[in-house]
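The values are calculated or read from the model by the stated rules, or taken from the named source; none is laboratory data. Small disclaimer: the values here were computed from a predicted structure and weren't measured. Note that we place each Cβ from the backbone using ideal geometry, even for glycine, and neighbour counts take in every protein chain shown. Only protein heavy atoms, including side chains, enter the accessible area calculation; ligands, DNA and RNA are left aside. Shrake-Rupley method; radii C 1.70, N 1.55, O 1.52, S 1.80 Å.
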Amino acid sequence: MDKTDKTNKTAASPKNAEGKKPGGKKIPKRKKLSEAPRHIAQAVWTAVTNSYVAGFLKGRIYQGELKKICVPGMNCYSCPGALGSCPIGAMQAVVGSSGFKFSYYVVGFLTLIGALIGRFVCGWLCPFGLFQDLLHKIPFPKKIKTFRGDKPLRLLKYVIFAVFVILLPMFLTNDFGNGSPYFCKLICPVGTAMAGIPLLMLNESMRALAGFLFRWKLVILIITVLLSILIYRPFCKYICPLGAVYSLFNRISVFKYRLDETKCISCGACSRVCKMNIDPTKNCNSPECIRCGLCKKACPTDAITYGFISGGVKAGKSKLVEDIKPDKTAET
Amino acid sequence: MTINSRNNNSGVIILKPKVNLSKILLTSAGPLLCIIGAAAVMFGHFRGEAGVVLSKAIMVCMECIGIG
């Protein structure tokens with residue numbers, strides 16, 4: 001772990017913030033970056049999708065018809081307040097059932113949401129994302145921005161998705177042909193935080209049943225909490241199978257980011273503020289981008305825009321990075 | 001659509017409109033997958049997968065909370 005996170009209060013570096021680049025393009029004033037609107041949206045969404053208040057009061061869960069509908073983010077369906085189902089839990093339930101070995105219902109849902117907004121879900125609609133965002137705001141002398149092995153470790157989430165969400169529930173079954181939700185059982189700290197701890201606090205009979213597995217999951221949760229203070233969203237970067245699925249859609253989703261290279265002055269403000277360690281000038285729809293919008297806010301020339309397909313903030317003026325690059329190589 | 005210019009033997013520059021296939025694929029894949037996804041959700045619902053999800057979700061998931 002060799003590099004530390006320097007909190008960016010402003011976008012452009014002081015050196016070039018008010019001056020001129022060698023190319024002669026004038027850089028406008030530095031911008032203030034606020035994440036409050038996003039955190040409010042995350043909190044509102046979390047409150048809406050977990051609004052079964054009776055569950056929190058009586059230590060039980062919602063059992064209505066709405067539970068058959070998946071929510072886009074990591075939201076354990078055993079949370080006392082949950083109105084919908086976690087797509088990862090739902091996927092394991094269907095592929096692990098004796099009746100079905102493929103889930104059109106959940107795969108279709110993930111395809112629909114992924115193709116529509118990609119990892120916007122991670123940045124704006126995931127309760128556990130909000131949890132990690134808030135934990136990372138806890139002051140600590142040395143925040144870790146990146147470390148050796150950071151990039152290869154990000155591939156782990158794809159392995160976890162394939163092994164613990166698909167293969168084990170599908171093939172490691174009991175005599176009746178039913179598989180366990182192995183990701184939920186062995187790894188998921190979301191279930192411990194959102195369901196395990198509240199239910200065990202509220203329900204004495206459940207408390208009596210808690211054994212080694214609960215302690216194991218509690219250890220994973222504690223590690224996740226501690227790491228979240230040091231590293232920005234470690235669960236999303238390295239573990240989350242839902243983020244892994246949505247990341248595959250980032251490049252092709254209907255909602256996407258655009259970089260206007262004619263406006264970009266390569267000041268590096270966007271990559272400096274990005275907490276997921278992406279350089280938007282290289283790929284503004286990177287699989288790791290959670291679409292928090294900080295890069296857009298940080299850009300002093302408004303070169304980064306977002307929107308649906310031909311939309312965008314300034315529709316028609318911005319181009320996809322992928323579209324611009326081939327033009328440079330065109331013969332003249 | 002991009003403009004690709006080339007020199008011919010007479011030295012006259014001809015501007016040819018070039019269809020950018022990757023751009024078309026990038027912009028059409030998203031809406032197409034949305035439609036496929038929505039259709040898959042409906043198909044899965046009608047073959048009873050939503051019932052499996054519901055039956056799992058309305059019971060306390062012992063594995064999720066670390067008991068089962």
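Observations, loosely collected:
- Selection within region A:76-87 - touching a strand residue (DSSP E or B) at 6+ places or on another chain (Cβ under 8 Å) and of a type in the set (S, T, N, Q): A:Ser85
- Within region B:22-37, residues that are under 17 Å from A:Gly307 (Cα atoms) and open to solvent by 50 Å² or more (accessible area, probe 1.4 Å) sit with their Cβ atoms under 6 Å from residues that are in a helix (DSSP H, G or I) and acidic (Asp, Glu), at 6+ positions apart or across chains, in these pairs: B:Lys23/A:Asp323.
- Note on region B:17-68: residues that are of a type in the set (D, E, K, R) and either over 12 Å from A:Ala93 (Cα atoms) or more than 7 Å from every other protein chain (Cβ to nearest Cβ) (or both) amount to 3.
- Qualifying residue in region A:298-320 (condition: modelled with pLDDT of 50 or more and assigned to a helix (DSSP H, G or I)): yes
- Listed by first and then second residue, the pairs linking a residue in region A:47-60 that is in the same structural domain as A:Leu202 (by TED's automatic domain parsing) to a residue that is aliphatic (A, V, I, L, M) and at pLDDT 90 or above, with Cβ atoms under 6 Å apart and 6 or more places separating them unless they lie on different chains, are A:Thr49/A:Val71; A:Thr49/A:Leu83; A:Asn50/A:Ala82; A:Tyr52/A:Leu83; A:Gly55/A:Ile61.
- Each residue in region A:105-129 was checked for being more than 20 Å from A:Tyr158 (Cα to Cα) and at the interface with chain B (Cβ under 8 Å from one of its Cβ atoms), and 2 pass.
- In the condition set (1) surrounded by fewer than 17 Cβ atoms within 10 Å (Cβ to Cβ); (2) within 13 Å of chain B (Cβ to nearest Cβ), A:Ile223 is compliant with all but (2).
- All told, A:Pro152 meets the bar of being away from chain B (no Cβ under 14 Å), within 19 Å of the chain's Cα centre (by Cα) and without any contact (Cβ under 8 Å) to a residue 60 or more places away in the chain.
- A:Val245 vs. criteria modelled with pLDDT of 95 or more, of a type outside the set (Ser, Thr, Tyr), in a helix (DSSP H, G or I) and more than 19 Å from the chain's Cα centre (by Cα): no
- Selection status of A:Gly307, out of contact with any helix residue (DSSP H, G or I) (no Cβ under 7 Å at 6 or more places or on another chain) and within 14 Å of another protein chain (Cβ to nearest Cβ): yes
- If the condition is being crowded, with 20+ Cβ neighbours inside 10 Å, at the interface with chain B (Cβ under 9 Å from one of its Cβ atoms) and not in a helix (DSSP H, G or I), then region A:56-78 contributes A:Ile61, A:Tyr62, A:Cys70, A:Cys76, A:Tyr77, A:Ser78.
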